[in-house]
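Working notes, structure below.
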Amino acid sequence: MGPHPAVAAIRLAVRRVLHDVLTEHTPQLPPQTPAHLPPSPAPAPAGPGLPAAARPTPLVLVACSGGADSMALASALAFEARKLSVRAGGVTVDHGLQDGSAQRAAEVAARLTAMGLDPVEAVTVRVGRGGGPEAAARDARYAALDEAATRLGAAAVLLGHTRDDQAETVLLGLARGSGIRSLAGMAEVSGPRGRYRRPFLGIDRQTARKACMVQSLPVWDDPHNTDPAYTRSRLRHEGLPALEKALGKGVVEALARTARLSRDDADALDTWAADADGAVRDESGRLECAKLYALPPAVRRRVLRRAVIDAGAPAGSLFARHVEEVDRLITGWRGQGAINLPGRVEARRQSGRLVIRQG
């Protein structure tokens, strides 16, 4: 008898990601010499043709909070890594926001070690205040994961975000009115050099919890996830159930599908904007307002957003309303003054050119 369907589902999702990591981080064999030519000397291949012991073995980390999603992910990584040429490790982050958090992080690290993961680290972070408590905790967490992955030489870090998390992210983006990129939700692959992987974006939260239950994996339920002081918590326990009651089942799946479609569109527009950027500048590299005006609005705003970020505005603090104000210097020019933007950046129109610089 095979594993429980929930366990099989999470293992399959992780196996696919590990195969991708191996493909990306295993050097390929050199091209074959045509039969009619004499073989030329070449360095010894380091790819799939070598014995398993001679191949490079990438390290894959799991970011584990001790919750059901990340514990299910850790168990699947531990199981699948044993069958592949992959080293599996884990990192748990102590945000220091709750009593007993250090002890809880140590317990999670011990559970990961008991699964056979190595190396395993419990990292303590200091959470700032910028952008609200949820954003500040997220920024501190990713900074810690980036540092650990770089220091340990990890090829990838697995994150336990599920289809339910994706649906919540899409709704939060919709509520902010942040445009199609926010509706695209979380990418399956993100971060520097594709560091972060999200195997569970096609799996619902209940499947991950069921996988933990049938494997007798201890799970910690973060009280912040049910605290109505947090926007995502209210959305999870009030907003989404109300939508499903009004619209029927399938809202989560539809929102996740919207994210996939929006990401394809957003990626295409970003590529278009990157190609258009050089064509709307003069010989000295300044943006020409007439050429910007001729672009489709969605492409033009992307060019403007990137120019503002390049000038020093933090991407996380630059919202759609900021870009719209800059866009009005192009489409609604009435002699208005400079636009003040995050990061002490200002944008102004001068002699038919758009000047964006840090003040």
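Since every read-out is calculated from the coordinates, none of them should be taken as a lab result. Here the structure is a predicted model, which is why all the values come from computation and not from measurement. Reconstructed Cβ throughout: ideal geometry from the backbone, glycine too, with neighbour counts over all protein chains shown.
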Would you mind calculating the gained length between residue 242 and residue 180 on full extension (0.36 nm times residue separation, minus the Cα-Cα distance), in nm to one decimal? 19.9 nm
Aspartates and glutamates with Cα under 19 Å of residue 249, excluding same-chain neighbours fewer than 8 positions away: 164, 165, 168, 204, 238
Sparse-neighbourhood loop hits (trypsin sites (Lys or Arg not before Pro), the range 60-89; DSSP loop; Cβ within 10 Å at most 12 others) -> 82, 83
Lysines whose Cα lies under 28 Å from that of residue 245, excluding same-chain neighbours fewer than 8 positions away: 210
Volume per residue that the Cα convex hull of the range 281-358 spans, once the total is divided by residue count, Å³: 83 Å³
Ranking of 164, 146 by count of other Cβ atoms within 10 Å, fewest first: 146, 164
If each residue's Cβ is checked for other Cβ atoms within 10 Å, how do 71, 186 rank with the fewest at the top? 186, 71
Could you give the nm distance between label points at residue 127 and residue 110, where each point is 7 Å from its Cα heading toward the beta carbon? 2.4 nm
Assigning unit charges at the beta carbon (Lys, Arg +1; Asp, Glu -1) and nothing else, what dipole magnitude in debye, to the nearest 20, does the chain show about its Cα centre? 460 debye
Quick one: the Cα spread of the chain along its three principal axes, in angstroms, biggest first? 73, 71, 41
Report the normalised scattering of the range 50-205 as log10 I(q)/I(0) at q = 0.17, 0.19 Å⁻¹, calculated by the Debye formula with identical scatterers on the alpha carbons. -1.06, -1.29
So what are the three principal axis dimensions of the range 129-259 from its Cα atoms, in whole Å, longest to shortest? 49, 40, 28
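Using Cα pairs closer than 8 Å and at least 6 residues apart in sequence, work out the relative contact order for the range 281-358, in percent.
35 percent
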Cβ-derived FRET efficiency at R0 25 Å, residue 118 paired with residue 139, nearest 0.05: 0.35
How high is the relative contact order of the chain, in percent, counting Cα pairs under 8 Å that sit 6 or more residues apart? 14 percent
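Would you mind ranking 319, 79 so that the residue whose beta carbon has the fewest other beta carbons within 10 Å leads the list?
319, 79
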Max mean-square fluctuation residue, GNM over the chain, Cα-Cα springs under 10 Å, options 158, 318, 145: 318
